[in-house]
Every structure is written in structure tokens, then in C-alpha cells.
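The values are calculated or read from the model by the stated rules, or taken from the named source; none is laboratory data. Every value quoted in this text rests on a predicted model; they were computed, and no experiment measured them. Neighbour counts run over all protein chains shown; Cβ positions are idealised from the backbone, glycine included.
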Amino acid sequence: VWLRHAECLKALGYIDRAAESYAKVVDLTPLHLDARISLSTLQQQLGRPEKALEALEPMYDPDTLAQDANAAQQELKLLLHRSALLFSQGNMYGYVDSLLTMLAMLLKVAMNRAQVCLISSSKSGERHLYLIKVSRDKISDNDDQETTKKAIFLVLTSVLTKDDWWNLLLKAIYALC
């Protein structure tokens, strides 16, 4: 009911009241992605950038994201909107953080599937990263976890193409330079 109310108010041009109704939807169902995105958009239009970002706060904890492909897909879409909003607000640190979070979601699963891990080491005062191949018997995943990780990888790569993922990486690098 509140979602329909918010949509109608928005269609009629009552942006402030529509934002209130979308906020009610998010309060009642915090995992409703479309309501969060709409609320964020309206808050930005109303000149409330902090409220717009607040609507796009993470929905799931890392454990849920590691176990639930649908949750990972929803979180990725939320992060895409959050990164675009942060960029439009000129918040480069937040923007890069969102991009790197998205890339980390993909790389975590991809590295597990490729049976590699990243090792950080300090030698002679310099920090180095090494990519190490890990034998299958050292990985503690059972078949259910492996199936879940494959599903999450498929979902993440279905939201964005390989070119889109590559462009995200380039954007993060350019923003850091």
C-alpha cells in the first residue's frame, strides 16, 4: 500500500510527500531495493544528499552475501547506484570505495574458483602482494558452498558484462590517480 502511495505521489509531482512514503516503505521492508533507489533519487532532487546516500546504505552483511546469490545481486545493484550518486556529489573517496567493494565481491568468488589467494608481505620496508595457487584440499569448501559460490559468480557477472567490470576497474584506477 505504501509503495503504491509513494509511486502515485511521485507521478503527481509531490516529490516531498513521495519521499516520505518511500521512507515508510524502506522502514517497513528494508530490503526493498527499488524503494531504496527511488527514495535516494527523490532525496537528491530535494537537495538532501546525505539522506540520498543514507537510503543506499548496504542491505546485507558479508556472511549473507557469501551465501545468497539473490542478496549479492541486490547489493551489487545498490552499490552501482551508490557509486553513481557519490560520483555525482563529487565524493571521490566514497565513489572509489563503492567501486572497490563491487570489484571485491566479484574477485572473492573468482579467486576461490581459480584456487588462488592474495598474500601481503613486507620486505625491506616495502609492501608486496603475491597471488598464490592453493591446492584444492586446502580449501575447506564443501559441495554446497561451491555451488553457492558458482551461483553468486553467475549472478554478479549477469548484472554487469565483462566490459562493464573492466570499466569499473578503470574508473577506480583513474579516480585514484
Candidate set from region 45-58 (those that are surrounded by 19 or more Cβ atoms within 10 Å (Cβ to Cβ) and more than 17 Å from LEU9 (Cβ to Cβ)); member that is nearest to the chain's Cα centre (by Cα): LEU56
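Considering only region 1-31, how many residues are under 19 Å from the mean Cα position of the chain (by Cα) and either assigned by the TED database to the domain that holds GLY94 or buried (at least 18 other Cβ atoms within 10 Å of the Cβ) (or both)?
Taking region 1-31 first, the residues under 19 Å from the mean Cα position of the chain (by Cα) are 26, 29-31.
Cutting the leftovers down to either assigned by the TED database to the domain that holds GLY94 or buried (at least 18 other Cβ atoms within 10 Å of the Cβ) (or both) gives us 26.
Going through region 1-31 one residue at a time, the tally reaches 1.
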Failed item, numbered, when LYS10 is tested on (1) of a type outside the set (A, V, I, L, M, F, W, C); (2) closer than 25 Å to LEU168 by Cβ; (3) outside any loop (DSSP other than H, G, I, E, B): (2)
Selection count where residues are of a type in the set (D, E, K, R) and more than 15 Å from ASP34 (Cβ to Cβ), scope region 1-16: 1
Residue under evaluation GLU75, criteria (1) of a type outside the set (Ser, Thr, Tyr); (2) assigned to a helix (DSSP H, G or I); (3) farther than 19 Å from LEU160 by Cα; (4) within 12 Å of the chain's Cα centre (by Cα), criterion not met: (3)
